[in-house]
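Take a look at the structure set out below.
Derivation of every value follows stated rules applied to the coordinates shown; laboratory data play no part. Keep in mind that this is a model prediction, so the values were computed, not measured. A quick note on method: Cβ atoms are made from the backbone with ideal geometry, for glycine too, and the neighbour counts reach across all protein chains shown.
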Amino acid sequence: MNIRIPGVISAVLLAVLFSQPSCTTDEYPQSSEISSISDLNSYTKKENKHGTRLPPPSDDIIAQLPEDGGKEFNRLVFESSPYLLQHSRNPINWYPWGEEAFARAKKEDKPIFLSIGYTTCHWCHVMEHESFEDHEVACLINEKYICVKVDREERPDVDHVYMSVTQMMTGRGGWPMTVIMSPEKVPFFAGTYFPKSSMIDLLPHFARVWKEQRGKAREVGQAIVKSLQEMQQGHAGGDLNATHLDACFQAMQRNFEPKYGGFGKSPKFPTCHSLSFLLRYYQRSNNQAALEMVEKTLREIRQGGIYDQVGFGIHRYSTDSKWLVPHFEKMLYDQALFVIANLECFQVTGNQFYLDSCRDTLAYVARDLTSEEGGFYSAEDADSDGEEGKFYVWSLAELRDALGQGDADLFAEIFQFEKSGNYLDEVTHKKTGSNIPHLRFSIQEISQQKQMSPGSLNERMEKIRTRLFKYRKTRIHPQKDDKVLTDWNGLMISAFSRSARVLDDNKLLLVAKKAADFCLRTLKVEEGRLLKRWCRGKSGLPAHLEDYAFFAQGLLDLYEASLEARYLKEAKQIINFACKHFQDREKGGFFLTADDGEKLLVRSKEIYDGAIPSGNSVMALNLVRLAKFTGQNKYKEIVHNLFSAFSGFLKKNPQGAEVMLQALDFELSSALEIVVCGSLEDGRTKKLLNEINQRFLPSKVLLNKPTDSNSESILGVAPYLENYRQIKGTPTVFVCRNQTCQKPQTEPAGLAKQLALETKPD
């Protein structure tokens, strides 16, 4: 949606909105060398030879600092967010988002300079180095503005409001985000990245606008607020039905890029939850095109430069259509969604390729993104040694130094290395002499070309990869965003849980359980209420809808993997809390913030499934599942109101909420209820479970009724299980649909036949 900008401000906007690259998305040392105030000055003046950041000071030092941070710091030094701490040594008088900043702005009659970004955002780093570390810029901005820094990952509510503003005013969005607004938080200018030269022009100009043309600035602000309010009026448009599934598939088919997979041209995002929708559509319709789109995309991503071929894990997105040149940050949520899509594709096809992608990515997360306590860290930076991607790229000389001539030549040939480099720099559009490892052909195709067996070639390449990985460890590693976010941890718990269930891998299950137990222990504060993040021993910030939705999803998946009733009980409690405090009872759907949360310009409701699914989409899927788990129709009523609330949006944007359509598919499919009566310690029970778990059954719930006293725990959540009994003391499976059960099964073969019939496309 666009708004009309009053003339004087419009002219200014056109003058200052230059080409603005942005992230269309630092590991600190664990201990500080600072032990006293006397050490501080000398420590902060040490030359940072490698472009890495100095660690934050110890708690003892922080306790001795004045409230403004003193000479060496600003107020961000008292925060926990790694992103805010990155900026704590800027010469700018940053405030965190809060009433202290807005009260001072009112008192001094100054506008707010709001800057929003996140820890691993490359262009955020660029703007910091160019402007926020520059004393000329700092003098200008400190004199004329009250400056506020926001971590978008900690405050998605603030980010969502002002990103909507930025898109209204500029037609685009991204990070870093720059907003100038009144002390009442009403914006009158917005953009993304600005180089120093633009900042030097922008800062005095809008300070003058605030002083001399305040009426015009307020006019712009009022137009923006009105547009924001209109956007929240709702998207109702009747009931959802199977035609919406067809429309989404058709839209995806139109947008599919057949040569390299994925959707659209460039930049190209993985959006693996879209692939999960296609797999469900394939199962429903038996339309081969849906499966082909999934397989093509997953193969091209896994073989492309967007995937770390040496250390594993998927990068944020590709700057080109070929999946070759990524922005190199690695986000936790991308790993989770990529694992789930590959796991499901393996279930559908039985192809080991997708299982390998799943295992490799989980191995990366377990190795590099998992805390000792069990929680999952948020991300790894794109930059190291002051340069984006330097950790991941190779020259031919480096390759030969690491491997020797023979293996280097083989690796260079297979992974498409060139002497001058195999990609163009995003900014200069010139080759750099560096190479991003990627495959143009599969290992099977290459083995045929070289007249080698795939097994022999794989074995040799794995030995080479291991040597390269060890060599790469000697480089300066990208910094890590070591905060634990409730929502992203929920996604990763889902990925490990589902993988553990499908692969019957107890090690993966233990990782999922440890993470879930950690989050329940540190991020749950009362019955159902959650906190947003944990970082370096400190939990805090009110949770948002995504936290409740994603974490509840993780717990539901963990229940189906472990069949420990406590996880289902916790998921129910969290969903109940969200229904009580986030639900829009008048128009349906869920707000981003709780009813007792901070009041912003608008109380947003998000439906669009972008880089990650929306909270409303995942909550819809949770509700249809929970209705089946518990047998309680109240959850069906809530989700039907949710479907109705966003049906208008889906009619206009059929490819805009693929996860909500997964929930719709679940509901329309009359989901299976599979009840296993038997002890999990009984080998016969495990065989029956393996028969269930190896199949792609997205529209089902799996419950276990133990034969011992533990049954009381599950009966507290799903009391209808009281009626299910073993047959002649033998582990028994009941496959039910619409309150009607098929013949109970005690043997895997009979169960297999029954499941095959139940899941056959109409």
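Take each of the peptides 369-382, 245-258, average the number of other beta-carbon atoms within 10 Å over its residues, and list them starting from the highest.
On the way: 369-382: 22.6, 245-258: 16.7.
Ranked from most to least packed, the peptides come out as 369-382, 245-258.
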Worksheet item: What per residue convex hull volume, in Å³, do the alpha-carbon atoms of the range 392-474 yield?
Response: 93 Å³
Discussion item. Per residue of the range 534-549, what does 6.51 cos²θ - 1.76 cosθ + 1.60 with θ = phi - 60° give for ³J(HN,Hα)? Whole Hz please, x for Gly and Pro, Karplus curve as stated.
Written reply: 10, 8, 6, x, 10, 9, x, 6, x, 6, 10, 3, 4, 4, 5, 5
Worksheet, complete the sentence: Those GluC sites (Glu not before Pro) from the range 660-728 that are DSSP loop and have at most 10 other Cβ neighbours within 10 Å turn out to be 681
Item to complete: Can you tell me the equivalent ellipsoid semi-axes for the range 190-266? Use √(5λ) from the Cα gyration tensor, largest first, whole Å.
Response: 42, 24, 6
Worksheet item: Rounded to the nearest 500, what is the chain's calculated 222 nm mean residue ellipticity when only DSSP H runs of at least 4 contribute -39500 (n - 2.57) each, over all residues?
Response: -15500 deg cm²/dmol
Practice prompt. Taking every Cα atom in the chain, find the radius of gyration and the maximum pairwise distance Dmax, and write them in Å.
Written response: 26.8, 87
Item to complete: For each pair in 330/532; 390/507; 463/687; 265/470; 226/322, compute the distance between the two Cα atoms and list the pairs where it is over 30 Å.
Response: 390/507; 463/687; 265/470; 226/322
Worksheet item: To the nearest Å, what is the center-to-center distance of the range 680-752 and the range 400-456, using C-alpha atoms only?
Response: 50 Å
Discussion item. Suppose a student asked you for the relative contact order of the range 262-368, using Cα pairs under 8 Å spaced at least 6 residues apart; what percent would you report?
Written reply: 27 percent
Practice prompt. Take 513, 605 and order them by how many other Cβ atoms sit within 10 Å, fewest up front.
Written response: 513, 605
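If neighbour count is taken as other Cβ atoms inside 10 Å, put 569, 470, 483, 322 in order from fewest to most.
Fewest-to-most ranking of 569, 470, 483, 322: 470, 569, 322, 483.
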Response to the item:
A correct fewest-to-most ranking of 384, 442, 198 by other Cβ atoms within 10 Å would be 442, 198, 384
Worksheet item: Taking the Cα centre of the range 262-368 as origin and charging only Cβ (+1 Lys, Arg; -1 Asp, Glu), how large is the dipole, in debye to the nearest 20?
Response: 200 debye
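Taking the radius of gyration and the Kirkwood hydrodynamic radius from Cα positions alone, what is the Rg/Rh ratio for the range 672-758, to two decimal places?
Reported Rg/Rh (Cα atoms, Kirkwood Rh): 0.93.
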Fill in: Packing-based order for 750-757, 74-81, using average beta carbon neighbours within 10 Å, highest first
74-81, 750-757
Discussion item. To the nearest 20 Debye, how big is the dipole of the chain about its Cα centre, given +1 on the beta carbon of each Lys and Arg and -1 on that of each Asp and Glu?
Written reply: 1360 debye
Worksheet item: Remind me, relative contact order of the range 392-474 in percent, using alpha carbon pairs under 8 angstrom and six or more residues apart?
Response: 28 percent
